[in-house]
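The values are calculated or read from the model by the stated rules, or taken from the named source; none is laboratory data. All values derive from a computational prediction rather than experimental measurement. Neighbour counts run over all protein chains shown; Cβ positions are idealised from the backbone, glycine included. All accessible areas refer to the heavy atoms of the entire protein, side chains included, with ligands and DNA or RNA removed. Shrake-Rupley method; radii C 1.70, N 1.55, O 1.52, S 1.80 Å.
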Amino acid sequence: MERNTRILIVDDNKSIHEDFRKVLCSKKNDLYNEVNELENELFGEDEISGTSAKVRMEYQVDSAYQGQEALAMIQTAEDEGRPYALAFMDVRMPPGWDGVETISRIWLKFPYIEMVLCTAYSDYTWNEIIDKLGATDKLLFLRKPFDAIAVQQMALTLVKKWNLSEHARSYVKKLEVEVNDRTTQLKTLLKELEVKNEKLLNINEDLKHIALHDTLTKLPNRALFNDRLQHSVEIAQRENHKFAIFNIDIDKFKEINDTHGHLTGDAVLYEIGERLSLVLRTSDTIARLGGDEFALILPNIDDGASELLADKIIRSLDSPVVFANQNIDVNISIGIAIYPEHGDSNEVLLKHADSAMYNAKRNGLGYAVFDSVEDSKRQDRAQLISDFKHAVNANALHLNYQPIVDLNSHRIIGVEALARWHHPDRGMISPDQFIPLAEKKGLIQQLTLWVFDVAFKQCAEWHEMGAKITMSVNLSPRNFLDPRLLNEISDALNKWKLKPEWIRLEITENMTMSQPGKAFEIITKLENLGIEISIDDFGTGYSSLSYLKKLPVKELKIDKSFIIDLDKDHDNKVIVNSTINLAHDLGLDVVAEGVENKNILTILQELGCNRAQGYHMCKPKSAKEMSRWIFESEWRVEQKNKAQGSTN
C-alpha cells in the first residue's frame with residue numbers, strides 16, 4: 001500500500017506557510033538528522049510501505065488561507081483519491097471561519113484526517129475545544145511560535161498514524177465485503193454461538209457458585225467468607241462501627257462419623273447450617289470453612305449482643321439431629337472476636353476467633369470471647385510442641401528407670417523405662433505433657449523406636465552384668481494399633497540380642513476396649529512372639545476382670561490412685577483386695593503402683609500382692625544410678641551367671 005504524506009497548512013498568514021515548508025520540506029538541515037534518528041527509534045521498518053525508517057519521509061505540503069478554502073481542497077483531494085493525512089490549522093483566520101469551526105465542518109464529512117490546532121493566543125481553553133470538537137485522539141495543540149522539532153515530530157507521528165489507521169480501515173472494508181458474502185452462513189453460526197454462549201454463561205455461573213460455595217451445605221465457603229470479611233473490615237473502618245466474627249466447631253465430630261457413618265456426619269453438617277441460618281439476620285454471613293468448622297460475620301454487634309447470640313445458637317442445637325431413624329446429639333464450641341478490639345484485619349480476627357473457640361472447647365464453655373491471656377497460653381502450648389519436636393529430632397530426651405520388686409523374694413525382678421524431657425528453659429517436663437504432644441504431632445513412633453533402642457540396649461547391659469530382670473516399656477494407643485509394631489520390636493530384640501521374655505509391654509485397659517477384636521489379635525501375636533503384656537493403670541478405665549480374662553495377658557498393675565492412701569482409705573483397701581483375689585483366680589500377677597511408705601507395703605504383702613513399684617522402694621533413676629541400686633540396695637538382684645539372659 002502506497003504511503004500518503006499529504007499535509008495541508010491552513011493559515012491566513014503566508015509567512016507561516018513558508019515556515020512550515022522550511023521545516024517539513026527541507027532536505028538538508030540540522031533538524032533532519034535529529035528527526036530521522038527519532039523516527040528510527042520509534043518506528044524502524046515501515047509496516048505500511050515496507051521501507052526502512054532510515055529513508056526520510058517526503059511530505060507533499062499544500063496551502064489554504066481560509067477555512068472555506070481548506071474544506072474545498074480536502075473535498076477535491078478526497079474525490080481524486082488522494083486525501084490529506086494531516087492538517088495544521090490556525091485558530092484565527094479572519095474574516096472567515098476560525099480554526100475550531102473549520103475543523104468541526106471538515107470532520108463532519110472527513111472524520112479521519114489528523115488535525116493540529118495552532119495559535120499564539122488563548123482564544124479557546126482546552127475544555128472549550130473539547131466541548132466543540134469532542135474528546136478525540138485526532139487533535140493535537142501547537143502553540144506559536146512553534147518549535148521545529150515539535151512540528152517534525154507531530155508530522156512524522158500523525159502521518160504515520162493516519163496511514164496505519166487507513167490501512168486498518170481498508171482492511172476492515174475488505175473484511176466487510178467478505179462478511180456480506182457470507183451473511184447467511186454467519187447468521188446461522190452466530191445463532192448457534194449465541195445458544196452455546198448462553199450455555200457457557202450458565203455453566204460459568206454454576207462454576208463460579210461452586211467455587212465460592214460449599215457443595216454440601218450450599219453455604220459460602222472460605223474464599224467467599226474471606227472476601228466478605230475483608231469487605232466488612234473496610235466498611236467498619238470507614239463508618240467507625242463494630243462487627244463480630246464467630247468461629248464455630250462441632251465437638252467430637254469425628255466420633256459422629258466413626259460411630260454413625262459419614263452420611264450421618266454430612267446430614268449433621270447440613271442441619272447445623274440450616275439451624276444457624278434460621279437464627280441469623282439477613283445481613284449476617286454464615287459460611288462453612290471446611291470439615292466441621294463454620295464461621296459467621298455479624299455486622300453492627302458488640303460483645304454483649306454477641307454472647308446473647310452465641311447462647312441462642314447453642315440452644316438451637318438442643319434438639320438432636322434426626323437422620324435415618326437415629327437421634328444425634330450435637331454440641332458446638334464458639335469463639336468470638338470483635339472488630340476492632342480484637343483485631344483490625346482478616347488474619348488477626350480469624351486467628352483470635354479461632355483461639356477463643358479452642359478456649360471454649362478446651363474448658364467446655366460452649367462459647368468464649370477472645371481473651372489475650374488464654375491466647376498467650378495457647379501460644380505457649382504451641383511453642384512447647386515445637387520445642388518437643390526439636391528435642392525428639394535432636395535426641396535430647398533421656399530414660400530413667402524405676403524398679404519393680406517381688407514381695408515374696410524381696411528382690412528386684414524388673415524395671416520400667418520412663419521417658420524424661422528436661423527443657424532448657426522450663427526444666428523437667430512431665431510425660432503426661434509431652435506424650436500427648438508426640439501423639440498430636442505424629443512423633444510417637446519416632447519416640448517409641450528411640451525408647452525401644454535405648455531401653456533394650458540397657459537391658460542387655462544389665463544382663464551382661466548378671467542382673468536377670470525384665471524391661472517394661474509403655475505403649476501409646478497409636479503404637480499399640482500400629483501394624484509395624486511387631487517388626488519394630490523384633491528388630492530391636494535382634495539388634496541387642498535379647499530374648500523376648502525379658503521384655504514386657506504395658507498397655508492401658510482402655511486401649512483394649514476401643515477395638516476389642518483388634519486388641520485380642522495384637523496381644524496374641526505379641527504373646528506368640530514371647531513378649532508378655534501388662535495392663536497398666538488398672539481401675540481407671542471401663543474394663544473389668546471378666547473382660548480381661550479373655551485376653552492373653554500375664555499381669556495387671558493397679559493404678560496408684562487406689563494405692564497411694566491405702567493405709568488410710570478403707571474403701572480403697574476393699575477394692576484392692578478384691579482386685580488381687582480376682583486377678584489371682586484368673587491366673588494374673590498383680591503389681592501395685594504408687595507405694596509411698598512402709599505401711600502400704602505391709603498391707604499389700606498381707607493382701608497377697610505379688611509385686612510393687614513406688615517411691616518407698618526407689619524413685620526413677622538414671623541408668624548409672626539404677627545399676628548401682630540393682631546390685632547394692634536391700635532389694636538387690638539375685639545375681640545369675642553373666643550373660644545368662646542373652647541369646648549369645
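Within the stretch 449-464, the set of residues being under 22 Å from V392 (Cα atoms) and open to solvent by 10 Å² or more (accessible area, probe 1.4 Å) comprises L449, W450, V451, D453, V454, K457, Q458. Of all the residues that make up the stretch 116-138, how many are open to solvent by 10 Å² or more (accessible area, probe 1.4 Å) and either within 56 Å of the chain's Cα centre (by Cα) or of a type in the set (A, V, I, L, M, F, W, C) (or both)? Counting residues in the stretch 116-138 that are open to solvent by 10 Å² or more (accessible area, probe 1.4 Å) and either within 56 Å of the chain's Cα centre (by Cα) or of a type in the set (A, V, I, L, M, F, W, C) (or both) gives 11. Counting only helices (runs of 4 or more DSSP H) that sit completely within the stretch 549-648, those holding 2 or more residues that are closer than 30 Å to I522 by Cα correspond to 560-563, 570-585.
A residue that is under 17 Å from I332 (Cβ atoms), among the acidic types (D, E), touching a strand residue (DSSP E or B) at 6+ places or on another chain (Cβ under 7 Å) and open to solvent by 10 Å² or more (accessible area, probe 1.4 Å) cannot be found anywhere in the stretch 252-260.
Does the stretch 78-101 hold any residues that are in contact with a helix residue (DSSP H, G or I) (Cβ under 9 Å, 6 or more places away or on another chain), outside any loop (DSSP other than H, G, I, E, B) and without any contact (Cβ under 8 Å) to a residue 60 or more places away in the chain, and which are they? Residues satisfying the conditions are E78, V100, E101. Condition check: at pLDDT 95 or above and either crowded, with 19+ Cβ neighbours inside 10 Å or in a helix (DSSP H, G or I) (or both). Does Q446 satisfy that? So Q446 does not fit the description; no.
Tallying residues that are touching a strand residue (DSSP E or B) at 6+ places or on another chain (Cβ under 6 Å), of a type outside the set (K, R), closer than 27 Å to P320 by Cα and part of a helix (DSSP H, G or I) within the stretch 331-364 yields 6. Checking each residue in the stretch 390-430 for being at pLDDT below 85, loosely packed, with under 14 Cβ neighbours inside 10 Å and part of a helix (DSSP H, G or I) picks out only N393.
When we screen K173, K187 for residues that are in a helix (DSSP H, G or I) and at pLDDT 85 or above, the only hit is K173.
Conditions (1) in contact with a strand residue (DSSP E or B) (Cβ under 6 Å, 6 or more places away or on another chain); (2) at pLDDT below 90, marked per residue:
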{"residue": "L200", "(1), (2)": "no, yes"}
{"residue": "E205", "(1), (2)": "no, yes"}
{"residue": "L212", "(1), (2)": "no, no"}
{"residue": "D227", "(1), (2)": "no, no"}
{"residue": "F243", "(1), (2)": "yes, no"}
{"residue": "F246", "(1), (2)": "yes, no"}
{"residue": "L269", "(1), (2)": "no, no"}
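For L276, the requirement of being buried (at least 20 other Cβ atoms within 10 Å of the Cβ), out of contact with any helix residue (DSSP H, G or I) (no Cβ under 7 Å at 6 or more places or on another chain), in contact (Cβ under 8 Å) with a residue 12 or more places away in the chain and not hydroxyl-bearing (S, T, Y) is not met. Looking only at residues of the stretch 211-221 that are without any contact (Cβ under 8 Å) to a residue 60 or more places away in the chain and more than 19 Å from the chain's Cα centre (by Cα), we find that the one that is most open to solvent (accessible area, probe 1.4 Å) is K218. Give me the residue from the stretch 465-519 that is part of a loop (DSSP other than H, G, I, E, B) and of a type in the set (S, T, N, Q) and, out of that set, surrounded by the most Cβ atoms within 10 Å (Cβ to Cβ). So the residue we want is S476. Restricting the stretch 302-322 to residues that are free of Cβ contacts under 8 Å to residues at least 60 places away in the same chain and open to solvent by 50 Å² or more (accessible area, probe 1.4 Å), the residue that is farthest from Y367 (Cα to Cα) is V322. Restricting the stretch 279-301 to residues that are small (G, A, S) and assigned to a loop (DSSP other than H, G, I, E, B) leaves a set whose member that is surrounded by the fewest Cβ atoms within 10 Å (Cβ to Cβ) is S283.
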